[in-house]
Protein chains: 2
Amino acid sequence: MSAHRFAVNVLPKDGILDPQGRAVEGSLGHLGVAGVSGVRVGRRVELTVEAGSEAEARAIVEQLAAELFSNPLIESFAIESMPAVGAGR
Amino acid sequence: MSAHRFAVNVLPKDGILDPQGRAVEGSLGHLGVAGVSGVRVGRRVELTVEAGSEAEARAIVEQLAAELFSNPLIESFAIESMPAVGAGR
């Protein structure tokens, strides 16, 4: 068994309304910031998975990303491998 | 002027209670998933900044990350460069 650290980035799909992104763009004037566009706001989940191999660990992360971390109707996700953690190795 | 795309990852600082992370860990049993630990849930903001240089654009992103996207008392942020966008170049 080895421990693998992953990050899952969950963002609104293209074309889906992103109210938080619009809110950020609306705040920029108050901060005196210009030149910012295309703001998308989503979630990031970082987790450690103990499994027999990196591929097995990644399969668990894909299941969680699709079933627990994202709403597949309106969000898409991407999985990143992160630098290894000390625990469990 | 050129357009630069960045992502800002905002996560609870180490040692700060992360109720969403605990909630995820509590759900794993229901999904029949074992071996997952160290779950941290945060935000990810992606944005495009039009500026004279990448360094100038990054300075704007750092300002926004510190003042708008994160609560520096309880959250830390990391900035990523993303593949360039077509607009403005």
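Tabulated data
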| read-out | value |
| --- | --- |
| Listed residue (B:Leu31, B:Pro19, B:Leu68) projecting farthest to the positive dipole end of region B:2-81, Cβ model | B:Leu31 |
| Net dipole in debye of region A:1-85 [+1 Lys, Arg Cβ; -1 Asp, Glu Cβ; about Cα centre; nearest 20] | 300 debye |
| Positions from region B:18-37 whose accessible area shrinks by 30 Å² or more when the full protein complex is built, not the chain alone, probe 1.4 Å | B:Val24, B:Leu31, B:Val33, B:Gly35, B:Val36, B:Ser37 |
| Mean ellipticity per residue at 222 nm, deg cm²/dmol - from DSSP H runs of n ≥ 4 across chain B, formula -39500 (n - 2.57) | -8500 deg cm²/dmol |
| Separation in nanometres of the label points that stand 7 Å from Cα toward Cβ, at B:Met82 and B:Ala34 | 3.8 nm |
| Largest-first principal axis extents of the Cα set of region B:2-81 (Å) | 51, 25, 15 |
| Nearest residue to the symmetry axis between B and A, taken on chain B by its Cβ, in whole Å | B:Arg44, 2 |
| Of all accessible heavy-atom area on the protein assembly as shown, the percent that carbon and sulfur account for (1.4 Å) | 57 percent |
| GluC sites (Glu not before Pro) restricted to DSSP loop in region A:6-84 with at most 14 other C-beta within 10 Å | none |
| On Cα atoms only, tilt of B:54-64 relative to the major axis of chain B in degrees | 50 degrees |
| Charge dipole (debye, nearest 20) of the protein assembly as shown; +1 at Cβ of Lys and Arg, -1 at Cβ of Asp and Glu | 80 debye |
| Sites matching trypsin sites (Lys or Arg not before Pro) across region A:4-74 that sit in DSSP coil, with at most 14 neighbouring C-beta atoms within 10 Å | A:Lys13 |
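The values are calculated or read from the model by the stated rules, or taken from the named source; none is laboratory data. Quick caveat, the model's predicted, so the values are computed rather than measured. For neighbour counting, all protein chains shown are included, and Cβ atoms are generated from backbone atoms with ideal geometry for every residue, glycine included. In case anyone asks, the SASA skips ligands and DNA or RNA and just uses the protein heavy atoms, side chains included. Shrake-Rupley method; radii C 1.70, N 1.55, O 1.52, S 1.80 Å.
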